1. Which of the following residues is exposed (fewer than 15 other Cβ atoms within 10 Å of the Cβ), outside any loop (DSSP other than H, G, I, E, B) and away from the ligand (no atom under 16 Å from the Cβ): Asp65, Asp35?
2. Can you run down the residue pairs with Cβ atoms below 8 Å, 6 or more apart or on separate chains, where the first is in segment 112-129 and more than 12 Å from Leu156 (Cα to Cα) and the partner is among the hydroxyl-bearing types (Ser, Thr, Tyr) and open to solvent by 40 Å² or more (accessible area, probe 1.4 Å)?
3. Please determine whether any residue of segment 106-114 is over 15 Å from the mean Cα position of the chain (by Cα) and either of a type in the set (Val, Ile, Thr) or within 14 Å of the ligand (Cβ to nearest atom) (or both).
4. Could you please give the count of residues in segment 137-183 that are of a type in the set (S, T, N, Q) and either in contact with a His (Cβ under 7 Å, 6 or more places away or on another chain) or loosely packed, with under 15 Cβ neighbours inside 10 Å (or both)?
5. What's the number of the only condition in (1) without any contact (Cβ under 8 Å) to a residue 24 or more places away in the chain; (2) of a type outside the set (A, V, I, L, M, F, W, C); (3) open to solvent by less than 20 Å² (accessible area, probe 1.4 Å) that Asn77 fails to meet?
6. Quick check on my filter: what residues within segment 192-219 are within 14 Å of the ligand (Cβ to nearest atom), outside any helix (DSSP H, G or I) and either among the β-branched types (Val, Ile, Thr) or touching a residue at least 40 places away in the same chain (Cβ under 8 Å) (or both)?
7. Filter segment 182-191 for residues that are hydrophobic (A, V, I, L, M, F, W, C) and not in a loop (DSSP other than H, G, I, E, B) and give the result.
8. Among residues belonging to segment 38-59 that are over 17 Å from the mean Cα position of the chain (by Cα), within 16 Å of the ligand (Cβ to nearest atom) and open to solvent by less than 40 Å² (accessible area, probe 1.4 Å), point out the one that is farthest from Glu177 (Cα to Cα).
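The values are calculated or read from the model by the stated rules, or taken from the named source; none is laboratory data. If you're wondering where the values come from, they're calculated on a predicted model, not measured in any experiment. Positions of Cβ are generated from backbone atoms using ideal geometry, with glycine treated the same way; all protein chains shown enter the neighbour counts. Protein only, heavy atoms only, side chains kept; ligands, DNA and RNA dropped before computing areas. Shrake-Rupley method; radii C 1.70, N 1.55, O 1.52, S 1.80 Å.
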Amino acid sequence: MIVDNLKKVIEEIKNGNNLGEEIVLVGATKMVDADTINLATKNGLKIVAENKVQEFREKTDLIKDADQHFIGHLQTNKVKYLVGKVSLIQSVDSIHLAEEIDKCASKKGVVQDFLIEVNVGGELSKSGFNPENALDSKRELKKLKNVRCVGFMGMLPKSDNEEYLVNLCKVMRDIFEQAKKEDSDIKYLSMGMSGDYKLTIKNGSNMIRLGSTIFGKRNYEVK
Ligand SMILES: *Cc1c(COP(=O)(O)O)cnc(C)c1O
């Protein structure tokens with residue numbers, strides 16, 4: 001089933017987004033065991049991502065043939081478990097967090113790539129930069145030498161109002177375009193999960209994070 005799901009998604013996104021850009025597929029692997037993840041990576045999934053540091057630490061050494069990203073809320077005291085081990089931290093939601101990652105990366109002698117998380121829907125339940133501050137914050141973070149911002153990450157609110165969601169995609173894409181104009185490191189706009197990726201890839205996203213579309217519905221009760 002997972003292999004079929006994956007083939008279907010890969011086929012679906014192979015022609016790129018509405019702007020003709022390649023779409024990067026990231027498997028969101030929370031609550032998925034390492035064997036299942038490896039089945040997916042053996043069948044074309046090139047990047048996997050966890051949203052909890054604890055779960056990342058449990059699985060990271062077991063995962064074969066894939067880049068690993070981090071996509072969840074990150075506390076500064078846990079930065080050390082990720083720096084140098086994930087190729088991309090997608091969820092940098094404050095200047096302070098970026099500074100801590102920078103310090104840790106400097107100690108380890110690496111440059112850590114990250115995305116600026118933008119709270120595009122202005123939701124209280126979500127973290128991230130305010131859309132109005134995202135570009136200035138990106139500029140400010142440029143002075144840190146051991147981190148490199150390569151784009152932006154956003155999570156759309158749950159809504160049936162397509163026009164509203166399309167508009168939020170546009171807000172994100174505008175931030176991305178402006179940043180890209182002045183900074184050649186900027187490459188990724190990570191937006192889209194199972195419930196909304198069909199919409200986001202029609203509206204400028206070039207990286208999607210899919211969990212249940214690939215791995216099936218998560219059963220929160222079993223764990
Ligand atoms: C779980 C998760 C996803 C994927 O969710 P699905 O709805 O299962 O596709 C994407 N992004 C983040 C940050 C997640 O935690």
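1. Only one candidate qualifies: Asp35.
2. Between residues of segment 112-129 that are more than 12 Å from Leu156 (Cα to Cα) and residues that are among the hydroxyl-bearing types (Ser, Thr, Tyr) and open to solvent by 40 Å² or more (accessible area, probe 1.4 Å), the close pairs are Asp113/Ser87; Leu115/Tyr188.
3. Yes, segment 106-114 has at least one match.
4. Of the residues in segment 137-183, 4 are of a type in the set (S, T, N, Q) and either in contact with a His (Cβ under 7 Å, 6 or more places away or on another chain) or loosely packed, with under 15 Cβ neighbours inside 10 Å (or both).
5. (3) is the only condition that Asn77 fails.
6. Answer for segment 192-219, where residues must be within 14 Å of the ligand (Cβ to nearest atom), outside any helix (DSSP H, G or I) and either among the β-branched types (Val, Ile, Thr) or touching a residue at least 40 places away in the same chain (Cβ under 8 Å) (or both): Met193, Asp196, Ile201, Ser205, Met207, Ile208, Arg209, Leu210, Gly211, Gly216, Arg218, Asn219.
7. Correct list: Leu189, Met191.
8. Lys59
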